[in-house]
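**Student:** Pasting a structure here, questions to come.
Laboratory data are not the source of any read-out in this text; all were calculated from the coordinates shown. Because the structure is a prediction, the values reported are computed rather than measured. Neighbour counts run over all protein chains shown; Cβ positions are idealised from the backbone, glycine included.
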Amino acid sequence: MPSILVVPVGAMGDLDLTALSEPLNEVFRLPVSIHIGSPLDPQAAFDTFRNQYNSTLILTRLLDRYGQHDGKVLGVTMNDLFVPVLTYVFGEAQLSGTAAVVSAHRLMEEFYGLTPDPAMEHDRLLKESVHELGHTFGLVHCHEPECVMRSSNAVEDIDLKDVGMCDRCRSLMEGTA
Ligand SMILES: [Zn+2]
Ligand SMILES: [Zn+2]
């Protein structure tokens, strides 16, 4: 049976990936398992000039190791991610593919010089995880203001979204549209 495998990428610090398990299961209605053991080493994706990690190369690494997984693979990292044309990304995914990656780096209040807010940071990570996994299920960006598939350029955008998809995106994902 297909499942969603959540894989730590690099050092996780205080981030608790098990908290993603139940809410991801609720949205996608698939079993969710958290990879136990050593995290995926992101070093091959590190760009010394930008001091950031290339998200596309992390997707490649995830596929090298977990490409045979039946279902979806979500990498989660504390490292800052980029794609060459953008200053940073919250995540990246293969459209209608297997792998997705999200970064908690810019979801933390501390990154903006603010007091940590674990509940808010958890919500942001969950929304971005659902968003990137949504791409692996074939969903593209949505214009509904509260839909999780709306694209976010800043954390403020993420905070305005719901954890779930709008009715249209959900039926597209479930193949009933
Ligand atoms: Zn997106
Ligand atoms: Zn939508």
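**Student:** Please enumerate the residues belonging to the stretch 7-30 that are part of a helix (DSSP H, G or I) and under 16 Å from LYS72 (Cα atoms).
**Tutor:** LEU20, SER21, GLU22, PRO23, LEU24, ASN25, GLU26, VAL27, PHE28
**Student:** If you don't mind, another one. Return the residues of the stretch 138-167 that are surrounded by fewer than 16 Cβ atoms within 10 Å (Cβ to Cβ), small (Gly, Ala, Ser), more than 10 Å from ligand 1 (Cβ to nearest atom) and closer than 24 Å to THR98 by Cα; say none if nothing qualifies.
**Tutor:** Across the stretch 138-167, the qualifying residue is only GLY138.
**Student:** In the set ALA104, ALA100, ALA93, which member is within 16 Å of ligand 2 (Cβ to nearest atom) and closer than 20 Å to ILE34 by Cα?
**Tutor:** ALA93
**Student:** Is it the case that TYR66 is free of Cβ contacts under 8 Å to residues at least 60 places away in the same chain and away from ligand 2 (no atom under 16 Å from the Cβ)?
**Tutor:** So TYR66 fails the test.
**Student:** What pairs come up if the first residue lies in the stretch 36-52 and is surrounded by 12 or more Cβ atoms within 10 Å (Cβ to Cβ), the second is among the hydroxyl-bearing types (Ser, Thr, Tyr), and their beta carbons are under 6 Å apart, counting only those six or more places apart or on different chains?
**Tutor:** Qualifying pairs under 6 Å: PRO42/TYR53; ALA45/TYR53; PHE46/TYR53.
**Student:** Quick check, is SER21 within 14 Å of the chain's Cα centre (by Cα) and of a type in the set (Gly, Ala, Ser)?
**Tutor:** Considered against the rule, which asks whether it is within 14 Å of the chain's Cα centre (by Cα) and of a type in the set (Gly, Ala, Ser), SER21 comes out as yes.
**Student:** Hey, can you tell me all the residues within the stretch 130-150 that are under 17 Å from GLY91 (Cβ atoms) and either free of Cβ contacts under 8 Å to residues at least 12 places away in the same chain or away from ligand 2 (no atom under 13 Å from the Cβ) (or both)?
**Tutor:** GLU132, LEU133, THR136, HIS141, ARG150 - these are the residues of the stretch 130-150 that are under 17 Å from GLY91 (Cβ atoms) and either free of Cβ contacts under 8 Å to residues at least 12 places away in the same chain or away from ligand 2 (no atom under 13 Å from the Cβ) (or both).
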